[in-house]
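Input: a single structure, listed below in structure tokens.
Laboratory data are not the source of any read-out in this text; all were calculated from the coordinates shown. Note that this is a predicted model, so its numbers are computed, not measured. Cβ placement follows ideal geometry from the backbone for every residue including glycine, while neighbour counts extend to all protein chains displayed.
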Amino acid sequence: MSNSIPYLTSGQTEQIAKILGDTEEGLTGSQIGQLLSQARIKDVDPKNTKWKRLFNAFANCQNKAGNSTCVFNFIHYALEPSRYVGRKDVFKKRQEEINNVLAFVGFRFSDNGKFVRTSKAKSLSEAEKRASQLREKLQDRDVHKDVLKFCKAELLEDNYFHAVLEATKSIASKLREKSGLDLDGSKLVDATLGSSSPIVLINSFQTKSEKSEQKGFLNLVKGLFGTFRNPTAHEARIEWAMDEADALDLLVTASYVHRRIDNSN
């Protein structure tokens with residue numbers, strides 16, 4: 001690697017570490033150790049979780065070298081195509097996610113195992129294209145109009161963070177409108193959808209099955225808030241990886257929640 005390699009921000013480095021150290025689909029602990037050694041990066045925190053182990057190793061080598069060559073070296077070894085014989089789908093997924101990060105510094109990792117220069121991501125124009133594609137996919141699924149309005153370029157300029165956050169906030173807003181309560185989060189969900197006499201009823205709440213459905217819906221909404229809204233509301237934008245697939249899943253679920261609340265008693 002030459003001195004032309006761009007210096008990655010802390011957020012970009014962290015995102016790369018999270019991609020390669022993902023709990024379910026990332027490198028194994030032993031693979032991380034081998035690759036750090038191969039890239040001549042000191043394993044400064046071997047007992048930490050995988051992505052934090054990688055991030056701390058990357059941060060240490062970047063700080064000492066004053067450049068990001070070591071991180072690029074690690075990516076080069078980790079995504080060496082020959083490692084993925086018979087696992088093309090794994091390679092493609094990691095390559096795409098890594099390239100989404102590298103696009104912001106004008107690089108991408110090619111199929112032949114080399115880094116190539118590209119034009120830096122033009123966030124607004126790309127966000128507009130992304131918003132259009134997301135809106136089209138959601139319209140194909142007949143998603144609720146109150147969800148579609150969050151497919152805006154300004155909300156997708158960096159990633160899907162704000163679209164997701166605003167969509168979940170819109171559910172809380174609708175529950176407040178329905179109930180007249182000035183609460184938020186799980187307290188709002190419990191107060192409106194819970195108790196022996198819920199304020200917002202998604203059915204007649206007479207039979208055991210209907211009461212079970214009401215409770216299930218409460219848990220769905222509460223889980224939606226806890227899984228998506230709360231982490232995104234409290235983490236820096238760069239620290240929350242939200243890709244199109246995640247956004248589609250959430251927004252379709254949010255659409256279902258909106259429809260049930262609209263039709264509630």
Seminar exercise, completed: Within the range 179-204, residues in contact (Cβ under 8 Å) with a residue 24 or more places away in the chain and either touching a Ser or Thr at 6+ places or on another chain (Cβ under 8 Å) or among the hydroxyl-bearing types (Ser, Thr, Tyr) (or both) come out as Ser186, Val200, Leu201, Ile202, Ser204
Seminar exercise, completed: Subset of the range 84-112, residues out of contact with any strand residue (DSSP E or B) (no Cβ under 8 Å at 6 or more places or on another chain) and surrounded by 15 or more Cβ atoms within 10 Å (Cβ to Cβ), comes to Tyr84, Phe91, Arg94, Glu97, Asn100, Val101, Ala103, Phe104, Val105
